[in-house]
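Written below as structure tokens is the structure these notes are about.
Throughout, read-outs are computed from the coordinates displayed, never taken from laboratory work. Treat the numbers as computed from the prediction; the structure is a model and nothing was measured. Methodologically, a virtual Cβ is constructed for each residue, glycine included, from the backbone with ideal geometry; neighbour enumeration extends over all protein chains shown.
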There are 2 protein chains.
Amino acid sequence: MSTIDFWFDFSSPYSYLASTWIEPLAARHGRTVRWHAMLLGATLAAAELRPPASYPLKGAYMLRDFERSARFEGAPYRPPPRFPIATHNAARIFWWLQAQDPSRAAAWARHGLAAYFAEGVLLDELPALLALAERCGIDAAQAQAACADPQWKAHLKQVNDQAIAAGIFGAPWIVVDGEPFWGNDRRPQIERWLAAPY
Amino acid sequence: MSTIDFWFDFSSPYSYLASTWIEPLAARHGRTVRWHAMLLGATLAAAELRPPASYPLKGAYMLRDFERSARFEGAPYRPPPRFPIATHNAARIFWWLQAQDPSRAAAWARHGLAAYFAEGVLLDELPALLALAERCGIDAAQAQAACADPQWKAHLKQVNDQAIAAGIFGAPWIVVDGEPFWGNDRRPQIERWLAAPY
């Protein structure tokens, strides 16, 4: 059974919602999930798009839709004190962990998304980010070193380029056997695709 | 029981998909549907957005998503020979019919969307549009007059302004008891809201 690819940005509310159901859904279909932390800003720029919530009219609707969609999913959600935020440090920690143990990286992804969207932890503030890492059993000094390490800077840049080359412009972006699905709201389509491609 | 407001553009594939389920869904909840033909281009401009399929990366994904979403819904779909198209004439006929009989206008909406997205009828070509009107039991000469009538031009402009004032930027846009839902993919949320707001 092949893996499901799950691309996300730590500052994407719909990625947060999807992060709460992707693993159980995959497991029900005998699949595993490969997580990919990316910077949505890079893919949006390639698509000539601005951050979705920055558009007139659309921005106001999206803030309302975030909260309603969270209630619909039964996921705890509290509008973060600032939104969106820069997520390169959270993503570099992700890739540093991924090189050691993909399951720890995936756990970091879920914890980071939930901390930002349900608890208001600002992942772009290094002390808050490192305190969260410690809470997750990650060595804070090593995590801080990973944030500054040119290796993980370069790797994240490469991941963003890879995303753009694969046609990815939004998050979450979920690929099942080559079929791309954009958005938390594609869950019913993904679920049916996993049962039988249509 | 109050009505559900359904805002659409004749050139919106997700409006087409939603047009196939909105009436039965409303009926199951003892509601009626009030249809509103608008010009998506006007609302997109107000939101500083371009037509969704015109963006790099996003455009290619959307064409794929249109087809997959139609298969998912079980709705016949054939990529139109040209997309998007200008829909002011189809919309003026809608509003002319609406003033006489809302149910005939709603039927015209459903027929027009299905003709464009399942049969490739180009609604921006007047002869094709009028032939479709005749097929729907609408007098072609009167329909043609409605297209050129300053009254329906002005009315459509007013509807677009009303949409923008209401915060509408995309289609389909569905309002249930003051709660706005954007997109064919919000059906599960709408269904639950109709059962009990959450």
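Exactly one condition in (1) away from chain A (no Cβ under 14 Å); (2) touching a Lys or Arg at 6+ places or on another chain (Cβ under 8 Å) is not met by B:Thr87; state its number.
With respect to (1) away from chain A (no Cβ under 14 Å); (2) touching a Lys or Arg at 6+ places or on another chain (Cβ under 8 Å), B:Thr87 is out only on (2).
Conditions tested, residue by residue: (1) within 20 Å of B:Leu39 (Cα to Cα); (2) surrounded by 19 or more Cβ atoms within 10 Å (Cβ to Cβ); (3) in contact with a helix residue (DSSP H, G or I) (Cβ under 8 Å, 6 or more places away or on another chain).
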position: B:Trp152; (1), (2), (3): yes, yes, yes
position: B:Gly170; (1), (2), (3): yes, yes, yes
position: B:Val176; (1), (2), (3): no, yes, yes
position: B:Glu179; (1), (2), (3): no, no, yes
position: B:Trp182; (1), (2), (3): yes, yes, yes
position: B:Ile190; (1), (2), (3): no, yes, yes
position: B:Ala196; (1), (2), (3): no, no, no
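With the checklist (1) of a type in the set (A, V, I, L, M, F, W, C); (2) surrounded by fewer than 22 Cβ atoms within 10 Å (Cβ to Cβ); (3) in contact with a Gly (Cβ under 9 Å, 6 or more places away or on another chain); (4) touching a residue at least 40 places away in the same chain (Cβ under 8 Å) in hand, flag the one item B:Leu123 doesn't pass.
(2)
With respect to A:Arg82, determine if the residue is of a type in the set (Lys, Arg), more than 14 Å from chain B (Cβ to nearest Cβ) and within 18 Å of A:Asp9 (Cβ to Cβ). Spell out the reasoning first.
On the way: of a type in the set (Lys, Arg): yes; more than 14 Å from chain B (Cβ to nearest Cβ): yes; within 18 Å of A:Asp9 (Cβ to Cβ): yes.
Criteria met by A:Arg82.
Tell me yes or no: at least one residue of the stretch B:176-191 is farther than 25 Å from B:Gly30 by Cα and either under 13 Å from the mean Cα position of the chain (by Cα) or part of a helix (DSSP H, G or I) (or both).
First, pick out the residues of the stretch B:176-191 that are farther than 25 Å from B:Gly30 by Cα: none.
No.
What residue, among those in the stretch B:40-53 that are within 9 Å of another protein chain (Cβ to nearest Cβ) and part of a helix (DSSP H, G or I), is surrounded by the fewest Cβ atoms within 10 Å (Cβ to Cβ)? Give the steps one after another, and end with the answer.
Kept after step one, since they are within 9 Å of another protein chain (Cβ to nearest Cβ), are these residues of the stretch B:40-53: B:43, B:46-50.
Next, only the ones that are part of a helix (DSSP H, G or I) stay: B:43, B:46.
Numbers: B:Thr43: 25, B:Ala46: 20.
So, considering only residues that are within 9 Å of another protein chain (Cβ to nearest Cβ) and part of a helix (DSSP H, G or I), the one surrounded by the fewest Cβ atoms within 10 Å (Cβ to Cβ) is B:Ala46.
Taking the options B:Ala26, B:Ala91, name whichever one is touching a helix residue (DSSP H, G or I) at 6+ places or on another chain (Cβ under 9 Å), closer than 25 Å to B:Ala143 by Cα, outside any loop (DSSP other than H, G, I, E, B) and not aromatic (Phe, Trp, Tyr).
Values: B:Ala26 fails: closer than 25 Å to B:Ala143 by Cα.
After ruling out the rest, the residue left standing is B:Ala91.
Collect the residues in the stretch B:54-101 that are hydroxyl-bearing (Ser, Thr, Tyr) and buried (at least 16 other Cβ atoms within 10 Å of the Cβ), keeping them in residue-number order.
At the first step, the residues of the stretch B:54-101 found to be hydroxyl-bearing (Ser, Thr, Tyr) are B:54-55, B:61, B:69, B:77, B:87.
The answer is B:Tyr55, B:Tyr61, B:Ser69, B:Tyr77, B:Thr87.
Identify the residue in the stretch A:63-79 that is in contact (Cβ under 8 Å) with a residue 40 or more places away in the chain and farther than 15 Å from A:Tyr116 by Cβ and, among all such residues, is nearest to the other protein chains (Cβ to nearest Cβ). Don't jump to the end; show me each part of the working.
Initially, the stretch A:63-79 is screened for residues in contact (Cβ under 8 Å) with a residue 40 or more places away in the chain, giving A:66, A:69-70, A:73, A:75-78.
So of that shortlist, the ones also farther than 15 Å from A:Tyr116 by Cβ come out as A:69, A:73.
Numbers: A:Ser69: 7, A:Glu73: 10 Å.
Ranking the qualifying residues of the stretch A:63-79, first place goes to A:Ser69.
Somewhere in the stretch A:32-50, is a residue within 24 Å of B:Pro180 (Cα to Cα) and free of Cβ contacts under 8 Å to residues at least 60 places away in the same chain?
Filtering the stretch A:32-50 for residues within 24 Å of B:Pro180 (Cα to Cα) gives A:49-50.
Subsequent filtering for residues that are free of Cβ contacts under 8 Å to residues at least 60 places away in the same chain retains A:50.
For the stretch A:32-50, residues within 24 Å of B:Pro180 (Cα to Cα) and free of Cβ contacts under 8 Å to residues at least 60 places away in the same chain: present.
Yes/no per residue for (1) over 20 Å from A:Pro52 (Cα atoms); (2) among the hydroxyl-bearing types (Ser, Thr, Tyr); (3) at the interface with another protein chain (Cβ under 8 Å from one of its Cβ atoms):
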{"residue": "B:Pro150", "(1), (2), (3)": "yes, no, no"}
{"residue": "B:Leu156", "(1), (2), (3)": "yes, no, no"}
{"residue": "B:Gln162", "(1), (2), (3)": "yes, no, no"}
{"residue": "B:Gly167", "(1), (2), (3)": "no, no, yes"}
{"residue": "B:Trp173", "(1), (2), (3)": "no, no, no"}
{"residue": "B:Asn184", "(1), (2), (3)": "no, no, no"}
{"residue": "B:Glu191", "(1), (2), (3)": "yes, no, no"}
{"residue": "B:Ala196", "(1), (2), (3)": "yes, no, no"}
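Among A:Ala99, A:Ala106, A:Ala131, which is the only one that is touching a strand residue (DSSP E or B) at 6+ places or on another chain (Cβ under 6 Å) and small (Gly, Ala, Ser)? So that I can check it myself, show each step before the final result.
On the way: A:Ala99 fails: touching a strand residue (DSSP E or B) at 6+ places or on another chain (Cβ under 6 Å); A:Ala131 fails: touching a strand residue (DSSP E or B) at 6+ places or on another chain (Cβ under 6 Å).
Among A:Ala99, A:Ala106, A:Ala131, only A:Ala106 is touching a strand residue (DSSP E or B) at 6+ places or on another chain (Cβ under 6 Å) and small (Gly, Ala, Ser).
With within 17 Å of B:Asp124 (Cα to Cα) and more than 15 Å from the chain's Cα centre (by Cα) as the only criterion, which of B:Pro84, B:Pro24, B:Pro56, B:Pro79 stands out?
On the way: B:Pro84 fails: more than 15 Å from the chain's Cα centre (by Cα); B:Pro24 fails: within 17 Å of B:Asp124 (Cα to Cα); B:Pro56 fails: within 17 Å of B:Asp124 (Cα to Cα).
Every option except B:Pro79 fails the conditions.
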